[in-house]
Amino acid sequence: MDKRLIIVAGPTASGKTQHAIELAQKYDTEIVSCDSRQIYSELCIGVARPTIEQLSIVKHHFVACRSVEMPYNVFDFEHDAIELIGHLFCHHDTVIAVGGSGLYIDAIINGIAVMPDPTPELRNQLKDLLNRQGIAALQSMLQEIDPDYYAVVDKSNPIRLQRAIEVSITAGRPYSKLIAEHTIKKRPFDIEVVVMNVEPSALRERINHRVDEMIDSGLYEEVCSLWHLQHLNTLNTVGYREFFAYGTPHQAASAISSITEAIKLNTWHYAKKQMTWCKKRYSQRENQF
RNA sequence: GGGGGAGUCGCAUAGCGGCAAUUGCAACAGACUGUAAAUCUGUCCUCUUCGGAGUUCAUUGGUUCGAGUCCAAUCUCCCCCA
């Protein structure tokens, strides 16, 4: 019997969570979340975690199971998810994956290259270099270390440059080589992608409505409880950073309506990026329902 | 009624005689193999064979080789005094 993974993709607030639950019920199976933020136990309201009721209807994996203080990334996710999916297939013919993190979904579908983890010190050094000498310093560094990648990177994107440099240094070989060596993984199961398509204007309304609900549900209190962790990359997230921008919980409290508007707008921007991602990657697999 | 200020490409903003016009936001399109709800790019008056071409800065006239910029009148808005 063929095993099948159905991936529910699409922009935020498009109804992925609900659709995935319906599919899981239909096939009497479980859900693997592919969401880089819902995975954290401290983030709930702001990342639209499925409700307690929803979580009780169908078993969800990778939701609220890690701390924001423990670094996690796509590579870890690929490993954990593929292992878990393997286990789930022992008891189910179909498994549902759902999430808005395109890169995470990609990792499940194609796998991701094996690369060494750079030390935090190295990353900080490069960050320092960037701050003190500007992006040109990173550019010339990468040009020397990995000319092939330099030829194709977005040279004005500091994160891309930084990443390629730190990996090349740690591995002792060019980043581009490591990527070139990665071959698309053949998964021992079929994959179907369902993209949730919502009219942009309707999606925008859904987003606005959902953000209002988040505020009403106590997003401010949730953010306050994380205020001391705002330096963490994980907290550089729509729904949280808009509060942090005001400096103190007290100042943020007096600006709730501007913050709400900012979150709505930023969520919309995020949704558009997700749609662009889906358009490019899954257009041939498009919309099966 | 009297006095003062202002009208610039969706919104905001720069511009002080050489300008299709600054910057921010929004909008739209896109990139992205360990920060990914992150990070970054392009377009953004109209047309374009991407070399350019044509129309613009409330309106109408004027000064000037040349006007968003100076002058006059008109219209609209804001503030102050009545």
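The values are calculated or read from the model by the stated rules, or taken from the named source; none is laboratory data. Values in this document were obtained by computation on a predicted structure and should not be read as measured data. Positions of Cβ are backbone-derived with ideal geometry, glycine not excepted, and every protein chain shown enters the neighbour counts.
Considering segment A:19-43 alone, what residues qualify as being of a type outside the set (A, V, I, L, M) and part of a strand (DSSP E or B)?
A:Ser33, A:Tyr40
Residues are listed down the side, and each one gets a yes or a no for (1) within 20 Å of the chain's Cα centre (by Cα); (2) in contact (Cβ under 8 Å) with a residue 40 or more places away in the chain:
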residue: A:Glu205; (1), (2): no, no
residue: A:Glu213; (1), (2): no, no
residue: A:Thr234; (1), (2): yes, yes
residue: A:Leu265; (1), (2): yes, no
residue: A:His269; (1), (2): yes, no
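Is segment A:262-271 home to any residue that is away from RNA strand B (no atom under 11 Å from the Cβ) and assigned to a helix (DSSP H, G or I)?
Within segment A:262-271 (the criterion being away from RNA strand B (no atom under 11 Å from the Cβ) and assigned to a helix (DSSP H, G or I)), the answer is no, since none of the residues qualifies.
Conditions: (1) under 20 Å from A:Met275 (Cα atoms); (2) within 12 Å of RNA strand B (Cβ to nearest atom); (3) modelled with pLDDT of 95 or more. A:His19 meets all but one. Number of the miss?
(2)
For segment A:104-114, which residues satisfy the criterion of being in contact (Cβ under 8 Å) with a residue 60 or more places away in the chain and not in a loop (DSSP other than H, G, I, E, B)?
Scanning segment A:104-114 gives A:Tyr104, A:Ile105, A:Asp106, A:Ile108, A:Ile109, A:Asn110.
Are there any pairs with C-beta distances below 6 angstrom linking a residue in segment A:143-166 that is in the same structural domain as A:Arg132 (by TED's automatic domain parsing) to a residue that is within 7 Å of RNA strand B (Cβ to nearest atom) and of a type in the set (Asp, Glu), with the two at least 6 apart or on different chains, and if so which?
A:Arg160/A:Asp154
Being modelled with pLDDT of 95 or more, within 28 Å of A:Glu242 (Cβ to Cβ) and not acidic (Asp, Glu), is that true of even one residue in segment A:85-94?
no
Criterion first (under 22 Å from A:Asn233 (Cβ atoms), at pLDDT 95 or above and aliphatic (A, V, I, L, M)) does A:Ile145 satisfy it? Show your work before the answer.
Working: under 22 Å from A:Asn233 (Cβ atoms): no; at pLDDT 95 or above: yes; aliphatic (A, V, I, L, M): yes.
Here the answer is no, as A:Ile145 does not meet what is asked.
Working only within segment A:115-135, note down all residues that are near RNA strand B (Cβ under 10 Å from one of its atoms), in a helix (DSSP H, G or I) and hydrophobic (A, V, I, L, M, F, W, C).
A:Leu126, A:Leu130, A:Ile135
Just to be sure, is A:Ile82 in the same structural domain as A:Val32 (by TED's automatic domain parsing), under 27 Å from A:Trp277 (Cα atoms) and in a helix (DSSP H, G or I)?
When the stated conditions are applied, A:Ile82 passes them.
Conditions (1) modelled with pLDDT of 95 or more; (2) crowded, with 16+ Cβ neighbours inside 10 Å; (3) of a type in the set (S, T, N, Q), marked per residue:
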{"position": "A:Arg206", "(1), (2), (3)": "yes, yes, no"}
{"position": "A:Glu213", "(1), (2), (3)": "yes, no, no"}
{"position": "A:Asn266", "(1), (2), (3)": "yes, yes, yes"}
{"position": "A:Tyr270", "(1), (2), (3)": "yes, yes, no"}
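Which number in (1) among the aromatic types (Phe, Trp, Tyr); (2) in a loop (DSSP other than H, G, I, E, B); (3) within 14 Å of RNA strand B (Cβ to nearest atom) marks the one condition that A:Trp277 misses?
The single condition A:Trp277 does not satisfy is (2).
As an exercise: evaluate A:Lys3 against (1) modelled with pLDDT of 95 or more; (2) more than 13 Å from RNA strand B (Cβ to nearest atom) and give the number of the one condition it does not meet.
Among (1) modelled with pLDDT of 95 or more; (2) more than 13 Å from RNA strand B (Cβ to nearest atom), A:Lys3 violates only (1).
Residues being assigned to a helix (DSSP H, G or I) and in contact with a strand residue (DSSP E or B) (Cβ under 8 Å, 6 or more places away or on another chain): count how many of those fall in segment A:85-103.
So the answer is 3.
Give me a count of the residues in segment A:22-55 that are hydroxyl-bearing (Ser, Thr, Tyr), away from RNA strand B (no atom under 15 Å from the Cβ) and surrounded by fewer than 18 Cβ atoms within 10 Å (Cβ to Cβ).
Counting residues in segment A:22-55 that are hydroxyl-bearing (Ser, Thr, Tyr), away from RNA strand B (no atom under 15 Å from the Cβ) and surrounded by fewer than 18 Cβ atoms within 10 Å (Cβ to Cβ) gives 1.
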